[in-house]
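In what follows, a structure is listed as structure tokens, so that the remarks can point back to it.
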Amino acid sequence: MQKVFFLVVFLCASRAYSQEVIHFDSLGIAAILEEHNKERRLVGTVDLMWDEDIARYAQEWAIKLAKDDSRLRHRDETNYGENISFFAGYEFQPALGVSLWNEEKVDYRYSKIGESGSDESMHYTQVIWGNSTRVGCGCAQSESGSYFFVCNYDPAGNYVGQYPYER
């Protein structure tokens with residue numbers, strides 16, 4: 001009996017992950033949009049719409065980050081705004097990455113990008129950026145079990161010297 005118990009504990013504790021692409025169904029997309037748009041509504045910016053082309057673009061980068069499985073980094077060049085989340089240790093929920101960005105709201109005081117204090121909340125300001133109208137997101141899980149969640153925005157935001165939205 002003791003050997004069987006040890007084997008079960010060992011198997012549970014040594015779960016191996018394989019790199020996996022996370023696909024969003026219509027409910028996942030709705031959850032991602034709602035997490036974005038609830039914050040946008042609070043500041044008076046229009047709701048974002050989902051864009052499949054942008055989602056494929058974001059998915060490509062999420063897969064690359066998961067394959068490298070080492071660090072977060074933005075694309076060197078892109079025409080889109082970009083937010084990236086990295087998390088591990090619990091089951092993936094589609095809107096989780098966006099909610100992590102929205103937590104930066106507590107650090108943001110209405111100011112132009114680049115002014116004192118705005119660096120700690122730039123994921124949040126991209127979420128609420130007033131000129132952005134379309135979003136697409138992708139996610140992939142690395143071999144270590146970490147999730148890399150990427151959203152791209154069109155038009156891009158977070159321009160130095162500009163406010164994220166008009167009051």
Discussion item. Is there a quick way to get the dipole size of the chain? I mean about its Cα centre, with the Cβ of Lys and Arg at +1 and of Asp and Glu at -1; what is the value in debye to the nearest 20?
Written reply: 320 debye
Item to complete: Determine the per residue accessible area of the range 13-167 with all protein chains present and a 1.4 angstrom probe, expressed in square angstrom.
Response: 53 Å²
Fill in: Sequence-separation-based contact order of the chain, relative, with Cα cut under 8 Å and 6+ spacing, percent
35 percent
Discussion item. Need one number: convex hull volume per residue for the range 59-115, Cα atoms only, in Å³.
Written reply: 138 Å³
Worksheet item: Can you give the net charge of the other residues whose Cβ lies under 14 Å from the Cβ of E104, counting K and R as +1 and D and E as -1?
Response: -4
Practice prompt. Report the residue, chosen from E104, E91, E20, that carries the largest GNM mean-square fluctuation when the chain is represented by alpha-carbon nodes joined by springs under 10 Å.
Written response: E91
Item to complete: Please tell me the relative contact order of the range 77-130 in percent, rounded to the nearest whole number, where contacts are Cα pairs under 8 Å and at least six residues apart.
Response: 33 percent
Discussion item. If you roll a 1.4 angstrom probe over the protein chains with everything in place, what fraction of the accessible area of the chain belongs to carbon and sulfur, to the nearest %?
Written reply: 54 percent
Discussion item. Just to check I understand the Karplus step: with θ = phi - 60° and J = 6.51 cos²θ - 1.76 cosθ + 1.60, what whole-Hz values come out for the range 124-129, glycine and proline as x?
Written reply: 4, 5, 5, 4, 9, 3
Worksheet item: Across bins of 10 angstrom width beginning at 0, how are the C-alpha pair distances of the chain distributed, in whole percent?
Response: 10, 37, 31, 13, 6, 3, 1
Practice prompt. Please list, in chain and number order, the residues 5+ apart from M49 or on another chain whose amide H is under 5 Å from its amide H, with Hs placed from the backbone.
Written response: R134, V135
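The values are calculated or read from the model by the stated rules, or taken from the named source; none is laboratory data. Values in this document were obtained by computation on a predicted structure and should not be read as measured data. Ideal geometry is used to build each Cβ from the backbone, glycine not excepted, and the neighbour counts take in all protein chains shown. Calculation scope for accessible area: heavy atoms of the full protein, side chains included, ligands and nucleic acids excluded. Shrake-Rupley method; radii C 1.70, N 1.55, O 1.52, S 1.80 Å.
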